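Visitor: Can you keep this structure in mind? I'll have questions shortly.
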Amino acid sequence: MTPLQVELPDGVVREVVTAPAAVLSEPCLPVDPADPDVVRLAADLLATMDVSPGCVGLAANQVGVPWRVFCLDVSAHPKTRTCHGRFVMVNPQILQASRNEKAREGCMSVPDFTGDVKRASRLVVTGQLPGTGEHVTLTTDAFEARAVQHEVDHLDGLLFIDRVVSAAAIHKRKVYLD
Amino acid sequence: MALMAITVLGHDRPGIIADVTATLAQRDANVEDSSMTLLRGHFAWTLIVGTDASVDQVAADLAFLASDDLVVSVLPVTDEQQEPDGPGSSFVISVHGADRVGIVAAITGAIASYGGNVTDLQTRLGGGLYVVVAEVDFAEPMDAEVLTTRLRAVGQTVGVDVAVQPADQDVL
């Protein structure tokens, strides 16, 4: 398995935009993974994810940039089985998706709601690494598969709200005090 | 801007929601949260609406629905602030069994006695089968197995099966 972790500059935390921002509802554009602006964006996505409590992934348009780039790190989540660590993927494309499972998900860009969404629990996704542009294909499952699909949906201009399983499947998000 | 609760109940037909919302929009009244379903074929809708109009004005605007076999009520309500949900836990509780009087009372009575608050509820009767699905919040942490054991015991007294699932939400 190719390691997905690449050398990136220190990132800057960017502001996370929330719905109804137009940038969340439009498909993002493919980009050159070697472009220095893309490398900087990759680093900034990781930096922004790192300072956001409970955040396991972030798509570029969630920080207002309409490019096909997302970051992910589900390593601390209890529902994770296969885990590829903390990584950024550029121009991702889902090749195979199977075994749908329903779960309730929320999103930093939709802070007041959660929704019941069916997602494949087995997934093959391909894309490029920032900087090197190396093509990688990863096979994953369970929570990492769900998170990848959620991020790729963002890049396609879709929110979880667009995928809820029924009219009764949108819920008020619960905010727990520690 | 004041809030009012509107309920619309009665004989179902296509276009009720379109008619009510068009009337409210004309009054510059904003539909906030609302929930509609069919209950044994009856149209049943509850809305919270923000408006500068008076309750009497809105009620008069919607009076045309009476000729349609629909009962409308308009009541003033206060703006309920949502409290943080505390360190507690949430569950989806499913109940099913042969229909009889007292199932909902038995199950929700037990839930309330443990401090649980029902935040969403559907009860359905189909053939002889009675089904209840409830979302329940506990302000304090509650163990899923303990809750299951307790509710199953209560369920036995009214002849129903009870299943408890944690209502996890994963922020992505």
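The numbers here are math on the coordinates, done by the rules we state, and not lab data. As the structure is a computational prediction, the values presented were derived from the model and not from experiment. We place every Cβ from the backbone using ideal geometry, glycine too, and count neighbours over all the protein chains shown.
Visitor: Taking only Cα atoms, what is the 0 to 90° angle, nearest 10, from helix A:36-51's long axis to the longest principal axis of chain A?
Guide: It works out to around 40 degrees.
Visitor: Hey, got the average number of other protein chain Cβ atoms within 10 angstrom for residues in B:158-169?
Guide: Averaged over the peptide's residues, the number is 2.
Visitor: Across the residues of A:107-116, average count of Cβ atoms on other protein chains within 10 Å?
Guide: Mean shielding count: 2.
Visitor: Continuing with the same structure: Below 8 Å, C-alpha to C-alpha, sequence gap of six or more: please give me the relative contact order for chain A in percent.
Guide: That works out to 25 percent.
Visitor: Also, quick follow-up: Each label point is 7 Å from the Cα along the Cα-to-Cβ direction; what then is the distance between the points at residue A:101 and residue B:5, in nm?
Guide: Going from the residue A:101 label point to the residue B:5 one covers 3.9 nm.
Visitor: Amide H to amide H under 5 Å from residue A:134: which residues, 5+ apart in sequence or cross-chain, H placed 1.01 Å off N in plane?
Guide: Placed amide hydrogens put A:129 under 5 Å from residue A:134.
Visitor: Exposed loop GluC sites (Glu not before Pro) only (DSSP loop, at most 10 other Cβ atoms within 10 Å): please give the longest stretch of chain A free of them, not including the sites.
Guide: A:16-178
Visitor: Separate question: Given a Förster distance of 25 angstrom, what is the FRET efficiency for residue B:120 paired with residue B:98, based on the Cβ-Cβ distance and rounded to 0.05?
Guide: Efficiency computed from Cβ-Cβ geometry: 0.55.
Visitor: On to the next question. How would you classify region B:67-172 from its alpha-carbon gyration tensor, with a ≥ b ≥ c the square roots of the eigenvalues: rounded for a/c under 1.5, else prolate if a/b is greater than b/c, otherwise oblate?
Guide: Cα axes put region B:67-172 in the oblate bin.
Visitor: Could you tell me the center-to-center distance, by alpha carbons, between region A:110-146 and region B:93-107 in angstrom?
Guide: 41
Visitor: Please list, in chain and number order, the residues 5+ apart from residue A:114 or on another chain whose amide H is under 5 Å from its amide H, with Hs placed from the backbone.
Guide: It is A:171, A:172, A:173, by chain and number.
Visitor: Could you give the angle, 0 to 90 degrees to the nearest 10, between helix B:103-113's Cα long axis and the longest principal axis of the Cα atoms of chain B?
Guide: Approximately 80 degrees, to the nearest ten.
Visitor: Out of residues 5 or more away from residue A:108 or on other chains, whose amide H comes under 5 Å of its own, with H placed 1.01 Å from N in the peptide plane?
Guide: Amide H neighbours of residue A:108: B:172.
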